[in-house]
Amino acid sequence: PPPPPPPLFFFQAQAAIPDAQESRGLGDVYKRQPLKCVESLAPITRLCWEMGWNEINGGNISWRLSNEHIDNVLKQIVKIDEDFIKLSKPQPTLDGEYFLVTGSGKYFRHAIEKTDEVFGIVQIKDGGNSYQKIWGFKGGGKPTSEFATHLTGHSIRKRQSKGREEVILHCHPPEFIILSFLMPLDSSLVSLALWKTMPECIVFFPDGIRVVPPILPGTNKIADASAIELEKSRIISWSHHGIFVSEESPDAVFSLVETIEKASAMQRKIIAAGGAKQTISLQLLRELTDATKNIRVCDPDI
Ligand code: 13P
Ligand code: ZN
């Protein structure tokens, strides 16, 4: 069996240093403390690689840290010497928010061993026009090239979910991507095909899959196209590229992608076998919808 992962600890200025300026000098007292949010995100990030969703540096994850996830260790970090870096798309509704996010070009596979290289924490500043690095990105990293879409997604999904959704995962799950080669690039058709494949689907993603056409990754153009679809669903397909999903926690976002990927694999096999002879009927989907009112995020469009 592989050796157990090393414990996740991070150097951090000790509490009660009276002056932020002084605390940066030779007399610094440092101790090792875990950052709770990083401790919970790193293993899920590594698991995404184990699932085959994040080859090389593929994919990125970001977490809008609500108050309950900003622990005392994070509160103690006072960044006075980091520049403000301009955002390519201003995000006034996210001003002041903290984001834990993977660095551009970093590997999900390294999430446990090289945690402070793979991840960083930034705070949105300057009325939503800039960000400042707070922690991590060791060796000079910066947030993912898809940061514009992540922030756009957080702004929209924070509003639409009334603050419930906090984590966005973009990854490259193969079975889901294959469907964008085999099926029309049509949100209703893809959603219905997956809903009809296994009962969990309409219960856990009644908002469906919204399809974004093929667009150059890492651009404001893909952020703008994604924004239109994220108004309608937590889940979007970047055709021939990957999935982009928003949920309330690292665990929930992982589980949603896991469910979609399993249904996609079944659907792909059905297509490869020449098409379904029968499927879950619309009648049964409506009964499922009625029976699961209390746990669904919305009513499906069927
Ligand atoms: P980053 O390494 O910049 O996060 O890009 C990976 C990716 O999947 C782009 O869509
Ligand atoms: Zn990608």
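Brief remarks follow.
- Scanning the range 137-151 for residues that are more than 15 Å from ligand 2 (Cβ to nearest atom) and surrounded by fewer than 23 Cβ atoms within 10 Å (Cβ to Cβ) yields Phe137, Lys138, Gly139, Gly140, Gly141, Lys142.
- Candidate set: the range 88-116, residues that are in a loop (DSSP other than H, G, I, E, B) and among the hydroxyl-bearing types (Ser, Thr, Tyr); chosen: the one least open to solvent (accessible area, probe 1.4 Å): Ser104
- The range 237-271: number of residues that are among the acidic types (Asp, Glu) and either more than 16 Å from the chain's Cα centre (by Cα) or open to solvent by less than 30 Å² (accessible area, probe 1.4 Å) (or both): 2
- Filtered residues of the range 151-193 (kept if within 12 Å of Ile236 (Cβ to Cβ) and within 16 Å of ligand 1 (Cβ to nearest atom)): Thr152, Gly153, Ile168, Leu169, His170, Phe176, Ser180
- Only residues that are open to solvent by 10 Å² or more (accessible area, probe 1.4 Å) and either among the aliphatic types (A, V, I, L, M) or within 13 Å of ligand 1 (Cβ to nearest atom) (or both) were counted in the range 222-236, giving 3.
- Out of Ser88, Ser62, sole residue that is over 20 Å from Ala111 (Cα atoms) and of a type outside the set (Asp, Glu): Ser88
- Any hit, the range 254-270, residues being out of contact with any Pro (no Cβ under 6 Å at 6 or more places or on another chain), among the hydroxyl-bearing types (Ser, Thr, Tyr), more than 24 Å from Asn57 (Cβ to Cβ) and in a loop (DSSP other than H, G, I, E, B): no
- Within the set Val167, Val190, the sole residue that is in contact with a strand residue (DSSP E or B) (Cβ under 6 Å, 6 or more places away or on another chain), surrounded by 19 or more Cβ atoms within 10 Å (Cβ to Cβ) and more than 30 Å from Ile124 (Cα to Cα) turns out to be Val190.
- Filtered by the rule that a residue be in a helix (DSSP H, G or I) and out of contact with any Lys or Arg (no Cβ under 6 Å at 6 or more places or on another chain), the range 117-136 gives Asp126, Gly127, Gly128.
The values are calculated or read from the model by the stated rules, or taken from the named source; none is laboratory data. Not measured: the values here are computed from a predicted model. Every residue, glycine as well, gets a Cβ built from its backbone with ideal geometry; the counts of neighbours run over all protein chains shown. The accessibility values were calculated without ligands, DNA or RNA, using every heavy atom of the protein model including side chains. Shrake-Rupley method; radii C 1.70, N 1.55, O 1.52, S 1.80 Å.
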